[in-house]
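In what follows, a structure is listed as structure tokens, so that the remarks can point back to it.
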Amino acid sequence: MEINQLGATLIAISPELPDKSLTTIEKNNLPFVVLSDTDNDVARQYDLVYKLDAETADRYEKGFGLSQYNGNDKAELPIPATYIIDQKGIVRYAFVNPDYKKRANPDDVLMRLTQLVRTSNNNKLVLVWSSDDPMVAERVALMFPHAAQKNHWFSEATLVVWGPSAKLITNDATLQKKIHDMQADGVKVEACIACASAYGVVEKLKALNYNVLPMGEPLRNYLKRGYQVLTF
């Protein structure tokens, strides 16, 4: 799901009881979580709850047993709404319409989410280091992310060990010391496990306290999410 690739999570909230929500998930084979908002407590905080008129409430009760689904006879429902909420709990996008037939356009929501994610990540540095030249490593590939982290040029810095650099770093104590100092100052270090396997250095990289993992998906996410990616 593209929403997950952007680092976000799609959650639906329903006034249905947990067992009923689970039935809805299974019946419709939904690929996301549906949470039960008992008595519309969350919806009420967003000022979305309205009371059905007597005629409509009676029709819903006879039609599908509204009170059984919601676990009460309050005859209340939430107005359909779509929100994008950031990690600080701030609502960055809202679509609310009392007409339940009119919903947020998924493409619009995804576009807005993409913009927000890329904006929030454009101050994060990822340096992909593949060169096996010690001079390139010492003067550029390791120096720049370390300086960026210490001088707060970016909010965070990540070094990715990729290709021939994986072999170089396992045989160069000087470079190992530089990366150790980088880590001590907060630079994250990741290494491509496929590259490391090709050079037979997976365990050596792990012993150096590098996060050795499949890098295809993380690198794709760095690019899609708007990180500043450099390669050396």
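The values are calculated or read from the model by the stated rules, or taken from the named source; none is laboratory data. Small disclaimer: the values here were computed from a predicted structure and weren't measured. Note that we place each Cβ from the backbone using ideal geometry, even for glycine, and neighbour counts take in every protein chain shown. When the accessible area is computed, the model is the full protein with side chains, heavy atoms only, and any ligands, DNA or RNA have been set aside. Shrake-Rupley method; radii C 1.70, N 1.55, O 1.52, S 1.80 Å.
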* Asked: Do any chymotrypsin sites (Phe, Trp or Tyr not before Pro) in region 1-101 lie in a loop, going by DSSP, with at most 10 other beta-carbon atoms within 10 Å of their beta carbon, and if so which?
  -> Tyr100
* Asked: Carbon and sulfur atoms: what percent of the 1.4 Å accessible area of the chain do they account for?
  -> 51
* Asked: Candidates (i) 24.4, 92; (ii) 19.5, 66; (iii) 25.2, 79; which is the computed Rg and Dmax of the Cα atoms in Å?
  -> (iii)
* Asked: For the chain, what is the accessible area per residue in Å², given a 1.4 Å probe and the full set of protein chains?
  -> 60
* To do: Could you rank the peptides 145-156, 104-115 by their average count of other C-beta atoms within 10 Å per residue, with the highest value first?
  => 145-156, 104-115
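May I ask which of Lys124/Lys206; Lys101/Lys124; Lys124/Lys177 have a Cα-Cα span longer than 32 Å here?
Numbers: Lys124/Lys206 24 Å; Lys101/Lys124 40 Å; Lys124/Lys177 24 Å.
Pairs exceeding 32 Å: Lys101/Lys124.
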* Helical contribution to [θ] at 222 nm, DSSP H n ≥ 4, -39,500 (n - 2.57), averaged over the chain, rounded to 500 -> -12000 deg cm²/dmol
* If you wrap a convex hull around the C-alpha atoms of region 78-209 and split its volume per residue, what is the figure in Å³? -> 151
* Structure fact -> Once Lys and Arg are counted +1 and Asp and Glu -1 for all other residues with Cβ under 13 Å from that of Leu113, the total becomes +1
* Structure fact -> Here the net charge surrounding Asp132, from other residues whose Cβ is less than 13 Å away from its Cβ (Lys, Arg +1; Asp, Glu -1), is -2
* Overall Cα dimensions of region 1-112, principal axis frame, Å, largest first -> 42, 28, 25
* Taking the chain as a Gaussian network, where each spring joins two C-alpha atoms under 10 Å apart, which residue of Arg118, Arg220, Arg139 fluctuates the most? -> Arg139
* Asked: For region 86-107 and region 164-229, what is the separation of their C-alpha centers, rounded to whole Å?
  -> 39
* Asked: Hey, what do the phi angles of region 6-16 turn into as Karplus ³J(HN,Hα) couplings, whole Hz, using 6.51/-1.76/1.60 and θ = phi - 60°, x for Gly and Pro?
  -> 7, x, 9, 10, 8, 10, 9, 10, 10, x, 5
* Give or take rounding to whole Å, what are the principal axis extents of the alpha carbon atoms in region 149-232, in descending order? -> 32, 27, 19
